[in-house]
Amino acid sequence: MRLILLGPPGAGKGTQAQRIVEKFAIPQLSTGDMLRAAVSAGTEVGKRAKAVMDAGKLVSDDIVIAIVSERIDQPDCAKGFILDGFPRTLVQADATDAMLKAKGLDLSKVVEIRVDDEVLADRVSGRYTCANCGAGYHDTNLKPKQEGVCDRCGSTHFKRRPDDNRETVVTRLQSYYKETSPLIGYYHAKGKLASVDGMADIDRVTTDIEKILESA
Ligand code: AP5
Ligand code: MG
């Protein structure tokens, strides 16, 4: 299965991708995570991407297309993958088509997670992740079962993203509407689009996505 999760910052792409990984045993390819890893590692790509990401703007198409193209050639992607945060521009969408075509593959589905703008800033500013295993949490919506201890790996170390503040969220939303939302029509026209109500609780959204994937 080759799936794209589409939605604004804080829609729940990463949260749902982690659950699909467990259920369908295919990897999550988050361009945001890959770029953050490059920033932490201090690579050339990371150095170029850092200021752009901190400002909430989009990293250049060339950089992200190269990262994804390399990643989907890895053996763990042979049975499929979940693209989380990519493609994000029409240029990236065309590149995705070309990459898959070159391998004789097709997209299974594009799932758009719809969320009202008003809740996004709260979701993003309350988000944190386990510094050890990357499991995602939220100050009020999704707390670990035992306070301060990761449910998945037991670590007591958590981290927050530098771009998760209310000011940057505004720029990220603007980028989403300007650059990414045209992909909704793009994939609808290809007959690949399905939408879920991302305002529902996390488990409900998962069930809705699973139903779509089971019939894909
Ligand atoms: P990226 O990391 O992709 O960030 P984003 O798109 O802004 O999305 P988020 O990760 O903020 O949101 P999400 O939808 O994953 O939400 P989550 O599940 O965590 O990109 C970061 C930056 O990298 C970009 O700004 C750009 O600079 C660069 N970049 C990345 N990809 C790029 C590309 N392709 N091209 C160019 N540049 C690129 O959920 C958020 C919170 O809400 C969590 O705390 C969660 O617990 C909670 N939550 C989730 N679902 C629900 C629910 N249903 N109800 C209540 N709470 C919920
Ligand atoms: Mg994410």
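No lab work stands behind these numbers, since they all come straight from the coordinates. As the structure is a prediction and not an experimental result, all values here were calculated from the model. Here the Cβ positions follow ideal geometry from the backbone for every residue, glycine too, while neighbour counts run over all protein chains shown.
Can you give the extra length, in nm with one decimal, that the chain gains between Leu90 and Tyr177 once fully stretched, where that is 0.36 nm per residue apart less the Cα-Cα distance?
30.1 nm
Taking amide H atoms as placed 1.01 Å from N in the peptide plane, the amide H of Leu29 lies under 5 Å from those of Ile82, Leu83, Asp84, each 5 or more residues away in sequence or on another chain.
Residues Arg19, Arg152 in ascending order of nearby Cβ atoms (within 10 Å, fewest first): Arg152, Arg19. Global dimensions of the stretch 1-141 from alpha-carbon coordinates: Rg and Dmax equal 15.0, 44 Å. Close amide H contacts of Ser195 (hydrogens built in the peptide plane, cut-off under 5 Å, sequence separation of 5 or more or a different chain): Glu112. What the Kirkwood sum gives for the stretch 65-178 is a hydrodynamic radius of 16.8 Å, with every pair of different alpha carbons counted. With the highest mean first, a sort of the peptides 203-209, 109-115, 38-44 on other beta-carbon atoms found within 10 angstrom per residue produces 109-115, 203-209, 38-44. Each part reduced to its alpha carbon centroid, the stretch 112-169 and the stretch 37-67 end up 21 Å apart. Note on Glu167, Glu179, Glu214: ascending count of other Cβ atoms within 10 Å places them as Glu214, Glu167, Glu179, the fewest first.
With 28 Å as the limit, the listed pairs Lys145/Lys178; Lys47/Lys109; Lys109/Lys145; Lys103/Lys159; Lys13/Lys145 have Lys145/Lys178; Lys47/Lys109; Lys109/Lys145; Lys103/Lys159 beyond it between alpha carbons. Measuring nothing but how far apart in sequence close Cα pairs (under 8 Å, 6+ apart) lie, relative to its length, the chain scores a relative contact order of 29 percent.
Residue by residue through the stretch 112-118, which ³J(HN,Hα) values in whole Hz follow from phi under the Karplus form 6.51 cos²θ - 1.76 cosθ + 1.60 (θ = phi - 60°), with glycine and proline marked x? Each residue of the stretch 112-118 in turn: 8, 9, 8, 9, 5, 3, 4 Hz.
What are the aspartates and glutamates whose alpha-carbon lies under 17 Å from the alpha-carbon of Lys23, with same-chain residues fewer than 8 places away excluded? Excluding near neighbours in sequence, the set is Asp76, Asp84, Asp203, Asp208, Glu210, Glu214. Each residue, Asp139 and Cys153, gets one label point 7 Å from its Cα in the Cβ direction; the gap between the two is 2.5 nm.
From its DSSP helices (H runs of at least four residues, each -39,500 (n - 2.57)), the chain gives a residue-normalised ellipticity at 222 nm of -13500 deg cm²/dmol. Extents of the stretch 133-216, taken as max minus min of Cα coordinates on every principal axis and listed largest first, are 46, 36, 21 Å.
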